[in-house]
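Note sheet for the following structure.
The values are calculated or read from the model by the stated rules, or taken from the named source; none is laboratory data. Because the structure is a prediction, the values reported are computed rather than measured. No Cβ is skipped: glycine too gets one built from the backbone with ideal geometry, and neighbour counts run over all protein chains shown. Accessible surface is based on the protein model in full, side chains and every heavy atom, while ligands, DNA and RNA are left aside. Shrake-Rupley method; radii C 1.70, N 1.55, O 1.52, S 1.80 Å.
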Amino acid sequence: MGDMMKGNIAIAEAAVRAGVKLYAGYPITPSTEIMEYLSKRLPEVGASFIQAESELAGINMVMGAASCGVRALTASSGPGISLKQEGISCISDEELTCVVINVVRYGNGLGTLYSAQCDYHRETRGGGNGDYRCIVLSPGSIQEAVDLMATAYELAEKYRIVTVMMTEGALGQMMEPCDLPDFIEPEKLPWGMDGKYSYKKIGIFDRNSMTEAVDLNKKHDTIKANEQRWEDDGLEDADYVFVAYGLPGRSVKGAVRELREEGHKVGFIRPITTWPFPIKAFEKVNRDVKGFISVEANATGQLIDDVALAAKETVKDRNVPAYCLPCVYGIPSIRFTKEGLGKIINGEIKERY
Amino acid sequence: MAKARKVPAIIDNPMSFCPGCGHGIVIRLIAECLEELGQDQNIIFALGVGCSSLLGGGLVTDRLHCPHGRAGAVATGMKRVQPENTIVAYQGDGDAYSIGIAESINAAYRNENFTVITINNTNYGMTGGQMSWTTMPGQVTTTSPLGRDCETTGLPLRFPELVASQFDVAYAARGAVTTPKNVKKLKKYIWNGLDAQVKGEGYSVIEVLSPCPTNWKMTPLKAMERIETELIPYYPLGEFKARKEN
């Protein structure tokens, strides 16, 4: 068991150990400690840190570094990530690679400082203009976030795609015991620019959008087939299956344990990749399941859409109801989830789909 | 007999600029300077949006098409991770001074060690001639149909003078493509800007007054005349921040 570490600091150190060569960003609560930590730490390991004038500039600095084939990073939160969408779309379009950390906070517009999961739709759908997706990793603990940091770059580089590490305000701000990974010294990617025009495909000028569209679909299909990650339990005999990711996913595990002890046949799926969505997990579910229930830290329910789609795709012979338990502000407690199940069983909460 | 200059090796395919446009001259000068400085196999371009992006099709070099106005930030990222490469941000006035003024100003503010070449043709060329921050007072564009009214739109921006007077940059100059004499001077400015970067002196910017006959609705010759008679008096040519003695 490692030392107690604050989430944002542990994630930032994991990025250093994954061989990040440039961080550029702009402060925003609750992500700022990542930036503050790296301002000292990256120069110590001979890497670049830039306090950009804006989120827009920050992501474009990341784009410049990424075009040279090195590991580049930025981190922000809700409104800051909104500003970065132009750059993320462009980085995706050029098939460059980087990691973007979103320490999600609640709210539209300027938002609030409360921990939340309200950016689910944006992160899992691409967010900016165009036909693209980002691989989205949604850890449920500080240890898992730290362990996924090198994976985030490996996936980004394997598929030439942007990987989003979607954490939550609470995960960034809380402390847990944490073992840090070993240092990696990644090699410069062969297609990265070196001034010698040794790799000719970067840039819009030599491209054929029609063939690229076909290739992009193939790439997305390959990612969907090979990179679904999740944790599950109790699916085989479950009457009800909870689906929740991140910190709510962790809380739901506790609720399922208690409900099982009380005689309820319930199970859970905790997506670790929220894109690609772990639809394969649904194939393990009891065919007579009575309902899927998303448990989410937001106001309107967003994960529920993917849950309902996954239910439709895997249980084809009938329409399994999909319920939503959205919890504004904070992490849905074990009690909240248990009470939610009771309301669903007694008909107080109707299905969303 | 004078020897004809060979076309620099990094210029390959024909570029699709309008007849009478100044971009081609500037690109040729940049390529010649890069060759003379031994940097033509060590160059990455951060290309702006608009007509500047047409440059990409004609060059056999590393180059990245940057989002609207962001070349200053993209070039910053490139240079920070690969300081041994020569980095050129190539932009138009709409890109660098209107939508990208924050990125341009802040790159100069930080004295980033790369070179910016800005083509100032006093309008947005590729989108069909809208007003930019360098459009002249009274100039008719598609978004200032009655002529630019500086009471409501501000005064034309003089970027090289701004950064030369306010920031600790290595080099700032303005040239024009109107006459052989001016072209020769412009080449010296570009050479200075690139050499300053190679020697690690910091940020350099060279603005180029360049004709846009298509959107100015003038013949190429009239467009050149306009630069001489109308633009140069407002946008003086020369070096605003000379290099320190080497």
Hey, with R₀ at 22 Å, roughly what FRET efficiency would A:D215 and A:L309 work out to, going by the Cβ-Cβ distance, to 0.05? 0.35
For the stretch A:177-183, take each phi angle, set θ = phi - 60°, evaluate the Karplus expression 6.51 cos²θ - 1.76 cosθ + 1.60, and give the result in whole Hz per residue in order, putting x for glycine and proline. x, 8, 9, 8, x, 6, 6
If you count the DSSP beta bridges with both ends in the stretch A:133-288, what percent of them are antiparallel, to the nearest 5? 45 percent
Using θ = phi - 60° and Karplus 6.51 cos²θ - 1.76 cosθ + 1.60, couplings along the stretch B:130-143 (whole Hz; Gly, Pro as x): 8, 5, 10, 6, 9, 4, 6, x, x, 5, 7, 10, 5, 10
Across A:180-191, the residue-averaged tally of Cβ atoms belonging to other chains within 10 Å stands at 0
From the mean inverse distance of alpha carbon pairs (Kirkwood) and the Cα radius of gyration, derive Rg over Rh for the stretch A:185-318. 1.17
Using Cα pairs closer than 8 Å and at least 6 residues apart in sequence, work out the relative contact order for the stretch B:23-114, in percent. 30 percent
What ³J(HN,Hα) values, in whole Hz, does the Karplus curve 6.51 cos²θ - 1.76 cosθ + 1.60 give for the stretch A:71-88 when θ = phi - 60°, with x put for Gly and Pro? 6, 10, 9, 9, 9, 6, 9, x, x, x, 5, 4, 5, 7, 4, 4, x, 5
Give the percent of DSSP beta bridges with both residues in the protein assembly as shown that are antiparallel, rounded to the nearest 5. 20 percent
Among the listed pairs B:K6/B:K187; A:K196/B:K79; A:K224/A:K253; B:K185/B:K217, give every one whose C-alpha distance is greater than 21 Å. A:K224/A:K253; B:K185/B:K217
May I ask you to list the residues of the stretch B:41-56 whose amide nitrogen lies under 18 Å from a point 7 Å from Cα along the Cα→beta-carbon direction of B:K6? B:41-42
Distant-in-sequence amide H partners of A:C327 (H built 1.01 Å from N, under 5 Å): A:E296, A:A297, A:N298
Relative contact order as a percentage, chain A, C-alpha pairs under 8 Å and 6+ apart, gives 17 percent
How much of the DSSP bridge set in the stretch A:192-271 is antiparallel, in percent, rounded to the nearest 5? 50 percent
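Taking K and R as +1 and D and E as -1, what net charge do the other residues with C-beta under 11 Å from the C-beta of A:D131 add up to? All intermediate terms of the calculation are to be shown ahead of the outcome.
Numbers: positive: A:R125, A:R133; negative: A:D93, A:E212.
Every neighbour counted, the sum reads 0.
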What is the Cα centroid distance between the stretch B:216-246 and the stretch A:328-353, reported in whole angstrom? 70 Å
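Using a 1.4 Å probe on protein heavy atoms only, how many Å² of accessible area do A and B hide from each other, summed over both chains and rounded to 100? Walk me through the numbers before you get to the answer.
On the way: alone 15010 and 11000 Å², together 23530 Å².
Rounded to the nearest hundred, the buried surface is 2500 Å².
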Residues whose placed amide H lies under 5 Å from that of A:E168, excluding near-sequence neighbours: A:V104
The aspartates and glutamates whose Cα lies under 13 Å from the Cα of A:K280, excluding any fewer than 8 residues away in the same chain, are A:E227, A:E231, A:D232, A:D306, A:E313
Test of understanding: express the Cα radius of gyration of chain A as a ratio to 2.2 N^0.38 Å, with N the residue count. 1.00
Roll a 1.4 angstrom probe over the protein heavy atoms and tell me the percent of accessible area of the stretch B:1-144 that is carbon or sulfur. 59 percent
Near A:K343, which aspartates and glutamates are there with a Cα under 14 Å away, not counting those fewer than 8 places off in the same chain? A:E351
Other-chain or far-sequence residues with amide H under 5 Å of A:C134's (modelled H): A:G126
Could you work out the local net charge near A:K338, counting Lys and Arg as +1, Asp and Glu as -1, over the other residues with Cβ closer than 9 Å to its Cβ? -2
If you take the alpha carbon radius of gyration of the stretch A:120-273 and divide it by 2.2 N^0.38 Å, what ratio comes out, to two decimals? 1.31
B:K222: which lysines have alpha carbons under 19 Å from its alpha carbon, excluding same-chain residues fewer than 8 sequence positions away? B:K181
Determine Rg/Rh for the stretch A:5-96; Rg is computed over alpha-carbon atoms and Rh is the Kirkwood hydrodynamic estimate from the same atoms. 0.94
Longer than 23 Å from Cα to Cα, which of A:K290/A:K350; A:K158/A:K284; A:K284/A:K350 are they? Say none if no pair is. A:K158/A:K284; A:K284/A:K350
Taking each pair of different alpha-carbon atoms in the stretch A:252-353 once, compute 1/r for the pair, average those values, and report the inverse of that mean as the Kirkwood hydrodynamic radius in Å to one decimal. 14.0 Å
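Looking only at Cα atoms, what is the convex hull volume of the stretch A:75-144 per residue, in Å³?
91 Å³
Can you give the relative contact order of chain B as a percent, counting alpha carbon pairs under 8 Å and 6+ residues apart?
Once divided by the residue count of chain B, the mean separation gives 19 percent.
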